[in-house]
Structure formats: structure tokens, C-alpha cells
């Protein structure tokens with residue numbers, strides 16, 4: 001994935017989020033939305049960490065063309081790739097958790113409103 005593509009994707013996502021935030025200023029949205037947005041910010045931060053790690057891997061691959069023993073912060077490609085895989089798994093689990101939390105709360109709200 002090229003740096004230009006990643007930068008373009010990140011920029012588009014930031015613009016979209018800013019537009020969403022502006023359009024929802026007067027709407028409230030309730031606490032379920034607030035929870036979802038807070039957890040979404042955490043997931044975004046995790047995604048950013050993954051992008052940074054991927055950039056480090058790309059940088060190290062370029063460095064190792066000239067110096068096969070090059071490292072970044074004392075870490076080689078294998079270690080960086082392993083860390084990236086761990087971050088990917090953690091992000092996947094976080095997104096599953098986010099979906100489960102929002103779904104469970106939403107279903108609970110629906111059940112409560114039906115019983116009233």
C-alpha cells in the first residue's frame with residue numbers, strides 16, 4: 001500500500017468524521033451513541049498504531065536493502081511483523097467487542113421500551 005493511498009484514506013476519514021461531528025451537534029444522540037463514538041475513537045487510535053507500525057516495516061525494508069543488519073529501535077523485520085500481527089488481532093477483538101456492546105445495549109433498550 002502506498003503512502004499516498006494511506007494518507008488519502010486517513011484524510012478522507014478525518015474529513016468524514018468532522019462532518020459527522022458538526023451535523024450531530026444539536027442532535028444529542030443519547031448515551032448509546034456516545035459510547036459507540038468513544039469506543040470508535042479507541043479503535044481509530046489502534047488503527048493509527050497499526051499504520052505507524054506498517055510504516056516502520058516499510059522504512060526498515062528500504063534500509064535493509066543497503067544494510068541487511070539495519071533495525072528500528074533495535075527491532076528487526078520479524079519482530080515488527082509479529083507486533084503488527086498482534087495489533088491486528090487486538091483491533092479485530094476490539095471491533096468485535098464494540099459491535100457486541102452496542103448490539104447488547106441496543107437490544108436491552110428495545111426490550112425495556114417494549115415492556116413499558
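Listed by first and then second residue, the pairs linking a residue in segment 72-86 that is at positive phi to a residue that is outside any strand (DSSP E or B) and surrounded by 14 or more Cβ atoms within 10 Å (Cβ to Cβ), with Cβ atoms under 9 Å apart and 6 or more places separating them unless they lie on different chains, are 73/56. If you check 59, 100 for being loosely packed, with under 12 Cβ neighbours inside 10 Å and either assigned to a helix (DSSP H, G or I) or touching a strand residue (DSSP E or B) at 6+ places or on another chain (Cβ under 8 Å) (or both), only one passes: 100.
Only one of the numbered conditions (1) at pLDDT 90 or above; (2) in a helix (DSSP H, G or I) is not met by residue 70, and that is (2).
Specify which of the listed residues (2, 11) is under 15 Å from the mean Cα position of the chain (by Cα), more than 29 Å from residue 109 (Cα to Cα) and modelled with pLDDT under 90. Even if it seems obvious, please write down each step before you answer.
Details: 2 fails: under 15 Å from the mean Cα position of the chain (by Cα).
Going through 2, 11 in turn, just one is under 15 Å from the mean Cα position of the chain (by Cα), more than 29 Å from residue 109 (Cα to Cα) and modelled with pLDDT under 90: 11.
The set of residues in segment 73-97 being at pLDDT below 90, exposed (fewer than 15 other Cβ atoms within 10 Å of the Cβ) and assigned to a helix (DSSP H, G or I) consists of 97 alone.
The values are calculated or read from the model by the stated rules, or taken from the named source; none is laboratory data. In this text, all values refer to a predicted model and were calculated from it rather than measured experimentally. Cβ sites come from the backbone with ideal geometry, for glycine too, and all protein chains shown count toward neighbours.
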